[in-house]
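Heads up, the thing below is written out as structure tokens.
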Amino acid sequence: MKVLVIGSGGREHALAWKISQSPRIKRLWVAPGNAGTALDAENVPIAADDIKGLVSFARKEKVDLVVVGPEVPLTLGIVDAMAAEKIRAFGPSRAAAQLEGSKAFCKLTLRQADVPTADYQVFRDADSAMRYIKARYPNENDKAPVVVKADGLASGKGVIVCSRRSDALDAIDRVARKNEFGKAGSQLIIEDRLEGPEASVLVITDGKTILALPPAQDHKAAYDGDKGPNTGGMGAYSPTPVVTDELMETIQDKILVPTIHTMKRNRKPFKGVLYAGLMLTQVGPKVLEYNVRFGDPECQPILMRLKSDLLDILEATVDGKLDEIEPPVWDPRPAICVVMASQGYPGEYENGKEITGLDAAAGIEDVKVFHAGTKLVNGKVLTNGGRVLGVTALGSSLATAKLNAYTAVKAIRWPGAWCRKDISDKAAAYIAATSAES
Ligand code: AMP
Ligand code: GLY
């Protein structure tokens, strides 16, 4: 088979690495890819949002399957554009990708599907949103536990969690007056602030059958102990004790199945990865958001644990035959991914620093270094993004996986490189907290 993976992050490197192991693969391209994907596949210099360019490449090369990593091409309708040329593509249609592309669409679908989520209101302008906050919280010093969200895609940044009335008014100003998130803020959502631990549950679905992936936990905050600004994700591990088998069943029955049914009923059938961002509140799990693609970095430890052929799963999804394949086999060993980032990330940072020690890290058993923001220039691997590498390792226990990953991290260097030192510690903290409760 000839396969084209679209994207250039750690997720896409993990996808390409796993797909390259399929005995059925004849040629594998990544567009545009990075220095890591160049080792496991062939890079093609076409941007992930250049839908025309990608379709024309896929047609010219007679690609059998396109695998779309990021949300932007999905919301631009790449799967529909490929289908129009009879090219099979893994991922949701443009209409179904609105679950991530528009938070107002997502909330409406959740309401129709009777799926638990925070109560909310949608606003089209700052004035009406401010009037709503002032009416609900009449005194200047009132607490206002709400979350203000830009409707559209904002690389995970368009969400402002508020405590006081002044925070909420300021957040509305940023989204709808200062337009900090550009067009994404043309509608805004104000929802009630929920409390509890967070978990990500990812499933693959062909619109009829659901294949649950092992639960993973992301680390969104920049610094240790979940301090500092939000990032795309500084690390992840799988499995996570936060999502027990019993909870997973509840999430499937009460959240995922009704969502997928509602999408079908609304003639926007969902195919691909459905990623539920959840808050585990005292009254049960509630949806914070849906993503319509693999999470990054979650994809990296999850795929590290997959023993079956990923290509079989992706193909069965596109063909609506997920019920016909053998259930995938997972490595029982935990995996963790530590993101190494550029100095300054998630704020401003410089590219072009030479990375050394990659070979030494790759030589460590049970370690795979996935590249995210890297670029190959004259045989040297240079930094080319905020999140640079996803150093991923398996281990007989979470502690061993962590040790393996951080041993590999120590071998890798470039000026200003940094990472969180506590990836996966949430697991132990969660177990300690829940056993103290019971
Ligand atoms: P989202 O992109 O919608 O998942 O939001 C990003 C982050 O904002 C989440 O991971 C949560 O930490 C936080 N968040 C979003 N919605 C809420 C909510 N209703 N209550 C509390 N925190 C939230
Ligand atoms: N790790 C969070 C995301 O992929 O959106």
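The values are calculated or read from the model by the stated rules, or taken from the named source; none is laboratory data. Small disclaimer: the values here were computed from a predicted structure and weren't measured. For neighbour counting, all protein chains shown are included, and Cβ atoms are generated from backbone atoms with ideal geometry for every residue, glycine included.
Working carefully through the options ILE51, ILE78, ILE6, ILE46, find the one that is of a type outside the set (Lys, Arg), under 27 Å from LYS183 (Cα atoms) and either without any contact (Cβ under 8 Å) to a residue 12 or more places away in the chain or in contact with a Phe, Trp or Tyr (Cβ under 8 Å, 6 or more places away or on another chain) (or both). Full working, then the answer.
On the way: ILE51 fails: either without any contact (Cβ under 8 Å) to a residue 12 or more places away in the chain or in contact with a Phe, Trp or Tyr (Cβ under 8 Å, 6 or more places away or on another chain) (or both); ILE78 fails: either without any contact (Cβ under 8 Å) to a residue 12 or more places away in the chain or in contact with a Phe, Trp or Tyr (Cβ under 8 Å, 6 or more places away or on another chain) (or both); ILE6 fails: either without any contact (Cβ under 8 Å) to a residue 12 or more places away in the chain or in contact with a Phe, Trp or Tyr (Cβ under 8 Å, 6 or more places away or on another chain) (or both).
Just one listed residue meets the conditions, ILE46.
Of a type in the set (Lys, Arg), within 16 Å of ligand 1 (Cβ to nearest atom), at pLDDT 90 or above and under 27 Å from GLY284 (Cα atoms), is that true of ARG164? So that I can check it myself, show each step before the final result.
On the way: of a type in the set (Lys, Arg): yes; within 16 Å of ligand 1 (Cβ to nearest atom): yes; at pLDDT 90 or above: yes; under 27 Å from GLY284 (Cα atoms): yes.
So ARG164 passes the test.
When you look at ASN139, is it over 27 Å from ARG94 (Cβ atoms), in a loop (DSSP other than H, G, I, E, B) and not hydrophobic (A, V, I, L, M, F, W, C), yes or no?
On the way: over 27 Å from ARG94 (Cβ atoms): yes; in a loop (DSSP other than H, G, I, E, B): yes; not hydrophobic (A, V, I, L, M, F, W, C): yes.
Yes, satisfied.
Scanning for something within 16 Å of ligand 1 (Cβ to nearest atom) and of a type outside the set (Val, Ile, Thr), does region 298-314 turn up at least one residue?
Initially, region 298-314 is screened for residues within 16 Å of ligand 1 (Cβ to nearest atom), giving 298.
Narrowing further to those that are of a type outside the set (Val, Ile, Thr): 298.
Scanning region 298-314, I find at least one residue that is within 16 Å of ligand 1 (Cβ to nearest atom) and of a type outside the set (Val, Ile, Thr), so the answer is yes.
If you scan region 128-142, which residues turn out to be free of Cβ contacts under 8 Å to residues at least 40 places away in the same chain and either surrounded by 13 or more Cβ atoms within 10 Å (Cβ to Cβ) or within 19 Å of ALA184 (Cβ to Cβ) (or both)? Let's see the steps before the verdict.
Step one: list which residues in region 128-142 are free of Cβ contacts under 8 Å to residues at least 40 places away in the same chain, which gives 128, 131, 134-142.
Those that are free of Cβ contacts under 8 Å to residues at least 40 places away in the same chain and either surrounded by 13 or more Cβ atoms within 10 Å (Cβ to Cβ) or within 19 Å of ALA184 (Cβ to Cβ) (or both): SER128, LYS134, ARG136, TYR137, ASP142.
Within region 357-384, how many residues are outside any strand (DSSP E or B) and on the phi < 0 side of the Ramachandran plot? Before the answer, list the steps.
Filtering region 357-384 down to residues outside any strand (DSSP E or B) leaves 357-366, 372-373, 378-379, 384.
If we keep only those that are on the phi < 0 side of the Ramachandran plot too, we end up with 358-365, 372-373, 384.
Number of matching residues: 11.
Table: residues versus (1) free of Cβ contacts under 8 Å to residues at least 24 places away in the same chain; (2) part of a strand (DSSP E or B).
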{"position": "SER200", "(1), (2)": "no, yes"}
{"position": "ILE204", "(1), (2)": "no, yes"}
{"position": "TYR237", "(1), (2)": "no, yes"}
{"position": "GLU246", "(1), (2)": "yes, no"}
{"position": "GLN252", "(1), (2)": "no, no"}
{"position": "PRO269", "(1), (2)": "no, no"}
{"position": "MET279", "(1), (2)": "no, yes"}
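When ASN266 is evaluated against the numbered criteria (1) of a type in the set (S, T, N, Q); (2) in contact with a strand residue (DSSP E or B) (Cβ under 9 Å, 6 or more places away or on another chain); (3) at pLDDT 95 or above, which criterion, by number, is the only one it fails?
(2)
Restricting to region 91-121, give me the number of residues that are away from ligand 1 (no atom under 13 Å from the Cβ) and aliphatic (A, V, I, L, M).
So the count comes out to 6.
Tell me yes or no: at least one residue of region 210-219 is among the small types (Gly, Ala, Ser), within 16 Å of ligand 2 (Cβ to nearest atom) and modelled with pLDDT under 95.
Looking through region 210-219, at least one residue is among the small types (Gly, Ala, Ser), within 16 Å of ligand 2 (Cβ to nearest atom) and modelled with pLDDT under 95.
Give the number of residues within region 79-110 that are part of a loop (DSSP other than H, G, I, E, B) and over 22 Å from the mean Cα position of the chain (by Cα).
Of all residues in region 79-110, those part of a loop (DSSP other than H, G, I, E, B) come to 85-88, 91-93, 102.
Then keep just the ones that are over 22 Å from the mean Cα position of the chain (by Cα); that gives 85-88.
Of the residues in region 79-110, 4 are part of a loop (DSSP other than H, G, I, E, B) and over 22 Å from the mean Cα position of the chain (by Cα).
Six or more apart or on different chains, Cβ under 6 Å: which pairs go from a residue in region 340-357 that's under 20 Å from LYS421 (Cβ atoms) to one that's basic (Lys, Arg)? Could you list them?
The qualifying pairs are ALA341/ARG387; GLY357/ARG413.
Going through region 100-136 one residue at a time, which ones are within 23 Å of THR75 (Cβ to Cβ) and polar (S, T, N, Q)?
The answer is SER102, THR109, GLN112, THR117.
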